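Participant: My structure is below; once you've seen it, I'll send some questions.
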Amino acid sequence: MSSLLWVRVGRRAVSAIGGGRRGTDALSGVHTFARRFIIDMSYSAHFMDFKGSSIPSSMKKLVVTKLSPNFREAVSVQTAAVPTPGDTDLLVRNRFVGINASDINYSAGRYDPSVKPPFDAGFEGIGEVVGLGLSSSSRYTVGDTVAYFGSGAFAEYTVVPAKECVPVPTVKPEFLTLLVSGATAYIAMKRLGDLAKGETVLVTAAAGGTGQFAVQFAKQAGCHVIGTCSSNEKAGFLKSLGCDRPINYTSEDLAKMMRKEYPQGIDVVYESVGGSILELAVNSLANKGRLIVIGFISGYQTASGIPPFRGGTLPVKLLQKSASIRGFFLPHFLSDYREALSSMMQMFAEGKLVCEVDYGDLAQEGRFVGLESVFRAVDYMYAGKNLGKVVVEVAPPSVSYSKL
């Protein structure tokens, strides 16, 4: 039977593997003499990066210690041992992590009430493989670059099942934008939007992490696109994406504009704000209109997490227009995930998809660098200041790897 032995040498972690080499015993070169191990290191570079990034014995990570929609109150920076990957896992040194509106829903315990603190925070990361288990070595090796969508991303190192990782050509944060924000827009528009050429589509929070993709996918489908945003700079960005009618709701009356310019109504709405914007979207639907609810960020920071919504006459409004409201939660559509990522990565490689990243360069304290910057990044996004997907640079680029 194969065995994977992990050895810590000072501040570095290396591994030794045995199993099935010709001319050795069943432990493949690992011989015992009075319970003392002599380890065959010949293949160790495949399994732990003892030459590249000098894996430390400890790391920082963000842990939810108290359930609260106040991210700063719920989450703390902790020091923990760098985890060891299991047989089918990868140990990823995170270079960038993504910020999502749902990070505070997670810290408030809204997704799975049975999970109690402490638990790790963060949904998505991208970085280099610095360690892996034996079974994972059939597909990956130290130095590979991967992105992943899973819990515990807000850490300097994260163990991720190899099957949940996506190989990427380089550690570009643009690939990170696709994991949750891009995939949500791609799958929701494809599976729930039923887009047809010539239809009118409204995207709320259109210059944000996921809105930017909804605008582009609707344009690719031949639709007329309206995009809401909160500044002239964002309106200009939306124009650059091909948005037909950007609207800065801080200087224009959205409801009045909709009634005047789109009296026939909206065929598809990609809605993430909730509250009064959701009410307006319902009232603006065309006959057979489809309203896709991917979130309601305006309520996430409240105790209930749900913004006020006057929906007493909702059944009547939907019936009168043969319209529908469709909810979208990405984990329910994982069967579509691989195809979505593959398609988006190809579009990005061909220059057919813009993946706008906001590093926080215009934030009050500057670019988001280091794990502690996650707190600032969450505040920045909830203040509505971001243009595109908010990302945090966890660590600087490491030295180049030598693959065997």
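The values are calculated or read from the model by the stated rules, or taken from the named source; none is laboratory data. Note that the structure is predicted; figures quoted are calculated from it, not measured. Every residue, glycine among them, receives a Cβ derived from its backbone with ideal geometry; neighbour counts consider all protein chains shown. Calculation scope for accessible area: heavy atoms of the full protein, side chains included, ligands and nucleic acids excluded. Shrake-Rupley method; radii C 1.70, N 1.55, O 1.52, S 1.80 Å.
Participant: Do any residues in the range 242-256 that are farther than 11 Å from ILE226 by Cβ have Cβ atoms under 6 Å from those of residues that are surrounded by fewer than 14 Cβ atoms within 10 Å (Cβ to Cβ) and not β-branched (Val, Ile, Thr), where the two are at least six apart or on different chains, and which pairs are they?
Facilitator: ASN248/ASN232
Participant: Additional query: Any residue at all in the range 137-145 that's among the hydrophobic types (A, V, I, L, M, F, W, C), in a loop (DSSP other than H, G, I, E, B) and over 20 Å from GLY370 (Cα atoms)?
Facilitator: Yes.
Participant: Every residue in the range 262-285 that is within 12 Å of THR200 (Cβ to Cβ), out of contact with any Phe, Trp or Tyr (no Cβ under 8 Å at 6 or more places or on another chain) and open to solvent by 10 Å² or more (accessible area, probe 1.4 Å), please.
Facilitator: TYR262, PRO263, GLN264, GLY265, ASP267
Participant: A further question on this structure: Any chance the range 166-180 includes a residue that's open to solvent by less than 20 Å² (accessible area, probe 1.4 Å) and more than 30 Å from VAL146 (Cα to Cα)?
Facilitator: Scanning the range 166-180, I find no residue that is open to solvent by less than 20 Å² (accessible area, probe 1.4 Å) and more than 30 Å from VAL146 (Cα to Cα), so the answer is no.
Participant: Which numbered condition trips up VAL293, out of (1) within 16 Å of GLY327 (Cβ to Cβ); (2) surrounded by 22 or more Cβ atoms within 10 Å (Cβ to Cβ)?
Facilitator: Result: VAL293 passes all but (2).
Participant: Any residue at all in the range 328-346 that is under 15 Å from VAL97 (Cα atoms), aromatic (Phe, Trp, Tyr) and open to solvent by 30 Å² or more (accessible area, probe 1.4 Å)?
Facilitator: no
Participant: Could I ask something else about it? For the range 125-140, indicate whether the set of residues that are in the same structural domain as VAL378 (by the TED database), of a type in the set (Ser, Thr, Tyr) and touching an Asp or Glu at 6+ places or on another chain (Cβ under 8 Å) is non-empty.
Facilitator: Within the range 125-140, one or more residues are in the same structural domain as VAL378 (by the TED database), of a type in the set (Ser, Thr, Tyr) and touching an Asp or Glu at 6+ places or on another chain (Cβ under 8 Å).
Participant: Condition check: open to solvent by 80 Å² or more (accessible area, probe 1.4 Å), within 18 Å of LEU179 (Cβ to Cβ) and basic (Lys, Arg). Does ARG310 satisfy that?
Facilitator: Here the answer is no, as ARG310 does not meet what is asked.
Participant: Going by the structure shown, is THR210 open to solvent by 20 Å² or more (accessible area, probe 1.4 Å) and β-branched (Val, Ile, Thr)?
Facilitator: Against the criterion (open to solvent by 20 Å² or more (accessible area, probe 1.4 Å) and β-branched (Val, Ile, Thr)), THR210 qualifies.
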